[in-house]
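Engineer: Before I ask anything, here is the structure I am working with.
The values are calculated or read from the model by the stated rules, or taken from the named source; none is laboratory data. Please read these numbers as outputs of a predicted model, since none were measured by experiment. A quick note on method: Cβ atoms are made from the backbone with ideal geometry, for glycine too, and the neighbour counts reach across all protein chains shown.
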Protein chains: 2
Amino acid sequence: MGGDNAPGVVVQGAVDAASESQTQIILVGHEQVVTEALDGRAARLPITVHHCEEMVEMGESPLKALRKKRDTSIGVAFDLVKKGKADAVISAGNSGATLAAGVLTLGRMEGVDRPAIASIVPTDTGPVVLIDVGANVDCRPGHLLQFAAMAHAFATVCLGIQDPKVGLLSIGEEGSKGNEQVRLARELFQASRLNFMGNVEGRDIFGGKAQIVVCDGFVGNVALKVTEGVVEAMTRMMDRELSGSFWGHITKAVTGKTLRQIRREFDYEEYGGAPLLGIRGVGMVCHGGSSAKAIKNAVKLAAQYVNSGVLDKMSLQLSAVGDLSAL
Amino acid sequence: MGGDNAPGVVVQGAVDAASESQTQIILVGHEQVVTEALDGRAARLPITVHHCEEMVEMGESPLKALRKKRDTSIGVAFDLVKKGKADAVISAGNSGATLAAGVLTLGRMEGVDRPAIASIVPTDTGPVVLIDVGANVDCRPGHLLQFAAMAHAFATVCLGIQDPKVGLLSIGEEGSKGNEQVRLARELFQASRLNFMGNVEGRDIFGGKAQIVVCDGFVGNVALKVTEGVVEAMTRMMDRELSGSFWGHITKAVTGKTLRQIRREFDYEEYGGAPLLGIRGVGMVCHGGSSAKAIKNAVKLAAQYVNSGVLDKMSLQLSAVGDLSAL
């Protein structure tokens, strides 16, 4: 039910995923609305509809909404996972509500104080996992190390990155740079067994210096939204500049297509969703403006997540960093 | 002496500024090195060279370097302002050292607990002042309101923006969103007489929702560096995509030029420098990779800054927000 173009685009992505990979899909939402969107396409596909009356709207406070409404699509979806009737939840709706419903229904993994949202950023040199991108706005240094441990398991098992390098997002490479949180976290990272390569800067996220970039959810969310803003602004500027000249006008057809392609890459279409790490199960947060392709790829990534045994690997990583609840 | 391409590019920018606007330039640095770079061009221009033996290198700790070396170019430059022999300092070198030398030599304005670095971000709808972009990594809510007051005076007087709208950088528009610092700052902003339009998100920096965007220096620096990283990545991706097709190859000549133009816009070439707000005088921090045009435009902006009486206006704004040292 969630997302800027729901349920149409979300249902289309689910139909595509079911057609391509025979993944079994349960569409959780208002039966009549979802069935209309399906328009008969579920007949030959492994798709079922699970009815629920309500949903968490975009502007709502997640916790309040989940407490007040007993039968929301996101709450029911995680309940299906808890009851063993589904393996993963994918949502393009209110990401705070997805996080809250995941934590409330499935609980946190052992050794995790704060579940986090990881975003997979496409770069020239392969995917980079940016964690946290919005789940935790005020973090202690120990939380950052837990994020790194969870992302390490995810990156190796689900993305196939061998021994990923871990960077701490700061404003200079030197250890003296950064705010208090980052300076203290750096010491914890150095003492850990992670492949820690030191501080990285905002520009390095896209340069492939590290495959895992760790920050608190406030900074990570700003970084992600700035990325979106720059991509949009550059697209507009290219359009304006090219419209102003004869040759520009001629070339716009070609560059326009290329720009749209690049923009979709930055919109996380390739991986589709941002995994919710640290809960006892698999949850995937999709961009509100997700395309059908993004939803399809999120289903693919979730299936990989479920089948990979990453949660066991994550438990190992978490016990390796130890109890950080006081740090 | 500072900057990735110093002294050549910096001297070129100074020569251009002196030629175009007859601004009097004092080049502070090692006389022999600077004179060589000038290559006789100062003869008919209002350019003089002020010798000093040392400089703060990029990797050095600003405070340590300024304490140890008595005769650095950045220290001497601010000293010339203090003695009334110059009106403004422009540097493409170590920005921490520029900030430290400015504060140590000229002191803070009354009502300013933390001087800050403002960056002027070019957008479709005109310039946006992002403050702070790196001077203060750990801020209290009251500091953010001072940043807003200083930026307000700068935006109205130096950039000619009428009653600029002020936004607080957060991760959602609702007041409940954001970290503790931002949630507390929001209350101060709402109680102030600023034209406060609420929280803005990272993507809104480039959308013209607000003309002043306020954040702490850690977050602002990450935002600025992410912007650089995305612009670089998009340039590389465009190049790669276009190289792969016949029409793309043909159009690359045109788009390449356009991309370089856009990239320079984002590299703050248009305004050249980021003003240092809150010190008793005018200081301008330039990007290390500044072009000669950026340096020239920084001189222009500094001259405007000096001639505009902005410091008086800033004092008024600061006294309007009152004593915030405890907040």
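Engineer: Is one or more of the residues making up the stretch A:294-316 within 21 Å of A:Asn136 (Cα to Cα) and in contact with a strand residue (DSSP E or B) (Cβ under 6 Å, 6 or more places away or on another chain)?
Structural biologist: The answer is no, given that none of the residues of the stretch A:294-316 is within 21 Å of A:Asn136 (Cα to Cα) and in contact with a strand residue (DSSP E or B) (Cβ under 6 Å, 6 or more places away or on another chain).
Engineer: Considering only the stretch B:15-46, how many residues are in a loop (DSSP other than H, G, I, E, B) and farther than 20 Å from B:Ser291 by Cβ?
Structural biologist: Adding up the residues that qualify gives 8.
Engineer: Name, by its number, the condition in (1) more than 24 Å from the chain's Cα centre (by Cα); (2) modelled with pLDDT under 75; (3) within 8 Å of chain A (Cβ to nearest Cβ) that does not hold for B:Phe266.
Structural biologist: Exception for B:Phe266: condition (1).
Engineer: Against the condition within 14 Å of chain A (Cβ to nearest Cβ) and either modelled with pLDDT under 95 or assigned to a helix (DSSP H, G or I) (or both), how does B:His143 come out, does it pass?
Structural biologist: Judged against the criteria, B:His143 is a match.
Engineer: Looking at the stretch A:172-186 only, could you name the residues that are part of a helix (DSSP H, G or I) and either surrounded by 15 or more Cβ atoms within 10 Å (Cβ to Cβ) or touching a residue at least 12 places away in the same chain (Cβ under 8 Å) (or both)?
Structural biologist: A:Gln181, A:Val182, A:Arg183, A:Leu184, A:Ala185, A:Arg186
Engineer: Ok, one more. In the stretch A:217-230, what residues are more than 20 Å from B:Lys257 (Cβ to Cβ) and either facing another protein chain (nearest Cβ under 8 Å) or assigned to a strand (DSSP E or B) (or both)?
Structural biologist: Once the filter is applied, which keeps residues that are more than 20 Å from B:Lys257 (Cβ to Cβ) and either facing another protein chain (nearest Cβ under 8 Å) or assigned to a strand (DSSP E or B) (or both), the stretch A:217-230 yields A:Gly217, A:Phe218, A:Val219, A:Asn221, A:Val222, A:Ala223, A:Leu224, A:Lys225, A:Val226, A:Thr227, A:Glu228, A:Gly229.
Engineer: A follow-up question, please. Considering (1) in contact with a Phe, Trp or Tyr (Cβ under 9 Å, 6 or more places away or on another chain); (2) within 20 Å of B:His143 (Cβ to Cβ); (3) hydroxyl-bearing (Ser, Thr, Tyr), say which one B:Ser192 fails and leave the rest.
Structural biologist: Condition not satisfied by B:Ser192: (1).
Engineer: Please go through the stretch B:22-43 and pick out each residue that is farther than 21 Å from B:Gly84 by Cα and touching a residue at least 12 places away in the same chain (Cβ under 8 Å).
Structural biologist: Selection gives B:His30, B:Glu31, B:Val33, B:Val34, B:Thr35, B:Ala37, B:Leu38, B:Arg41, B:Ala42.
Engineer: Out of all the residues in the stretch A:193-209, which are crowded, with 24+ Cβ neighbours inside 10 Å and in contact (Cβ under 8 Å) with a residue 60 or more places away in the chain?
Structural biologist: A:Ile205, A:Phe206
Engineer: A further question follows. Is it the case that B:Val137 is under 19 Å from B:Val285 (Cα atoms) and not assigned by TED's automatic domain parsing to the domain that holds B:Phe206?
Structural biologist: For B:Val137, the condition - under 19 Å from B:Val285 (Cα atoms) and not assigned by TED's automatic domain parsing to the domain that holds B:Phe206 - is not met.
Engineer: Right, another one. Could you tell me whether any residue of the stretch B:191-206 is more than 11 Å from chain A (Cβ to nearest Cβ), under 29 Å from A:Glu265 (Cα atoms) and not hydrophobic (A, V, I, L, M, F, W, C)?
Structural biologist: Looking through the stretch B:191-206, at least one residue is more than 11 Å from chain A (Cβ to nearest Cβ), under 29 Å from A:Glu265 (Cα atoms) and not hydrophobic (A, V, I, L, M, F, W, C).
Engineer: Please indicate, with yes or no, whether at least one residue in the stretch A:285-301 is in a helix (DSSP H, G or I) and in contact with a Ser or Thr (Cβ under 7 Å, 6 or more places away or on another chain).
Structural biologist: Yes - at least one qualifying residue is present in the stretch A:285-301.
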